[in-house]
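Notes to accompany the following structure.
The values are calculated or read from the model by the stated rules, or taken from the named source; none is laboratory data. Note that the coordinates shown come from a computational prediction; the quantities given were computed from them, not determined experimentally. Here the Cβ positions follow ideal geometry from the backbone for every residue, glycine too, while neighbour counts run over all protein chains shown.
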Amino acid sequence: MPVFKNEDNGTWYVMARYMNWKGERKQKCKRGFATKKEAQEWERMFQLQNSSDLDMSFEAFTELYINDVKNRLKENTWLTKEHIIRTKILPYFGKLKISEISTKEIITWQNEMLAYRDEKKKPYSQTYLKTLHNQLSAIFNHAVRYYELRSNPAAKVGNMGSEEHKEMLFWTKEEYKKFSYEMMDKPVSFYAFEMLYWCGIREGELLALTAADFNFDKETVTINKSYQRLHGEDVITTPKTKKSNRTIKMPHFLCEEMQEYLGMLYGLKKKDRIFTVTKSYLHHEMDRGAKAAGVKRIRIHDLRHPYVKPTTKKI
């Protein structure tokens, strides 16, 4: 095997030869292995990946899966999937051969996920359990569809968890006015909820807004991006769907309010985000305002469906 020792620092490295998809002979160097055995195992898995041999480990196949699908997904979507794979799937299946994983291993994994409790003794939600299983099944489906794995053991076992359908609640105009009055002590909260309620935009769209998105002459705001905070990083992506790219006609009074708010932001540049709070902050403020106003607590998402619909057009 093409495994060598670096005499300078005592680590091992691999010089792996392979043929790419064009039929060209190539060479790949991988350094930094602590032992010869680790280097040999990496080279063996690399060759199995290159030949699409399903005698490889689940972890090695996952690398193929990532290379195949990552660039086809929005960044925030991929980061969510990657976190699930890294923290909830690979620790259980990573070292097993993908061709030898059976329904028995899937059931054992499901039972561990179902038994999980956090520090407050709360289990994973039904929706999250369903998401975990769907991601595991997606990896096996990819192996079946493109790499000739005989069958998907996760599909045979069936899903765990279920979709949680929460009743959609609404605020009347009078209820919203009571709520907004309680928000006036914190300008960022007041103006954020004004945009959410009167324009019917999503939280991520709100948090991605910049001064450049407003046209006060035409009394419009342009929605063309979304904000997420994922694993400690700010991520700006395109909106949820193509139809989400739109220009919204704003009420005249809201234009005046937003001009007032932008004037409060010292040193603001056209491309700076104007609401630099978090989704968690908005939910906390929703709790606070609803309680103070004596109105029912609704989901922030349900603010998108008020008694009045904003005028929109595609961009």
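Can you name the residue in the stretch 90-129 that is under 18 Å from residue 150 (Cα atoms) and of a type in the set (A, V, I, L, M) and, of all such residues, is modelled with the lowest pLDDT? That would be 98. Scan the stretch 253-296 for residues that are surrounded by 13 or more Cβ atoms within 10 Å (Cβ to Cβ) and either of a type in the set (Lys, Arg) or on the phi > 0 side of the Ramachandran plot (or both) and the total you get is 3.
Taken over the stretch 187-222, the criterion of being part of a loop (DSSP other than H, G, I, E, B) and aliphatic (A, V, I, L, M) is satisfied by 201, 209. Within the stretch 199-223, the residues that satisfy the criterion of being of a type in the set (A, V, I, L, M), surrounded by 19 or more Cβ atoms within 10 Å (Cβ to Cβ) and under 20 Å from residue 260 (Cβ atoms) are 201, 206, 207, 209, 221. For the stretch 166-185, check the following and say yes or no: at least one residue is in a loop (DSSP other than H, G, I, E, B), free of Cβ contacts under 8 Å to residues at least 12 places away in the same chain and not assigned by the TED database to the domain that holds residue 258. Yes, the stretch 166-185 contains a residue that is in a loop (DSSP other than H, G, I, E, B), free of Cβ contacts under 8 Å to residues at least 12 places away in the same chain and not assigned by the TED database to the domain that holds residue 258. Here residue 87 fulfils each of the conditions (1) hydroxyl-bearing (Ser, Thr, Tyr); (2) over 30 Å from residue 114 (Cβ atoms); (3) at pLDDT 90 or above apart from (2). Of all residues in the stretch 252-261, at least one satisfies being part of a helix (DSSP H, G or I), of a type in the set (A, V, I, L, M) and not assigned by the TED database to the domain that holds residue 75. Among the criteria (1) assigned to a helix (DSSP H, G or I); (2) buried (at least 19 other Cβ atoms within 10 Å of the Cβ), the one residue 161 does not fulfil is (1).
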